[in-house]
Amino acid sequence: MPPLVLVRRVWSGSLDDYLMMPKTQMGLPRRFIGRSIRYLEVLGGFLYYQFPIMIDREIIRGLLKIYILALAAKEEVHGLGILQRLKRLGFHVSPGTLYPTLKVLLLEKDLAAHPVVVKGKRRITYHLTSKGAHEFREVREKLRRLYREVE
């Protein structure tokens, strides 16, 4: 478990009331606002939070692109399915991150999309284009070399 971060002394109200407050009113330092709180504990009159370790956004977006290409190389995929797979792997990616990434991959012609009706609902499925397959093979090989180097 990552270390706990001391944020502030416990306030005078109940802990449940404190947690219901907007983060902007909790007295959190600016760098914590907008981040999800994973764990909360009161030790010795002090309130501690555990925040997820933050990886650079650009790294996450790059890895997300590679993961989407890898999935699309195996089968057609849809946005919700990608989100569910990522969640099972322990990555909590929001739709606000995934769908713009899919749009970029479409604009770069790495993916192609077509609508499908599933259980009466319209869903967009994505599949790899020949350009996307070529780029994915190149990136995968480069990642393998990097991985061997840092392992």
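Read-outs throughout are calculated quantities, based only on the coordinates presented, and are distinct from any laboratory measurement. Computed from a prediction, not measured in an experiment: that's the story for all the values here. Cβ coordinates were reconstructed from backbone atoms using ideal geometry, including for glycine residues, and neighbour counts include every protein chain displayed.
Listed values, structure above:
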item	result
Exposure proxy ranking, count of Cβ atoms within 10 Å, fewest first, for HIS134, HIS78, HIS114	HIS114, HIS134, HIS78
Segment ARG57-VAL116, length gained on full extension (0.36 nm per residue, minus Cα span)	18.1 nm
Ranked by how many other beta carbons lie within 10 Å on average, peptides 61-67, 95-101, 144-150, 126-132 from highest	126-132, 61-67, 95-101, 144-150
Segment ILE124-THR97, length gained on full extension (0.36 nm per residue, minus Cα span)	8.1 nm
Around GLU141: net Lys/Arg minus Asp/Glu count, Cβ-Cβ under 15 Å	+3
For the range 136-151, Karplus couplings with θ = phi - 60° (6.51, -1.76, 1.60), whole Hz, Gly/Pro x	5, 4, 5, 5, 4, 5, 5, 5, 4, 5, 4, 4, 4, 5, 8, 5
Prolate/oblate/rounded call for the range 62-137, Cα gyration tensor, a/c under 1.5 rounded	oblate
Derived scalar couplings ³J(HN,Hα) [the range 71-88; Karplus, 6.51 cos²θ - 1.76 cosθ + 1.60; whole Hz; x for Gly, Pro]	5, 5, 5, 8, 6, 5, 10, 10, x, 4, x, 5, 4, 5, 5, 4, 5, 4
Sequence-distant residues sharing a close amide H with THR125 (under 5 Å, placed H)	HIS114, VAL116
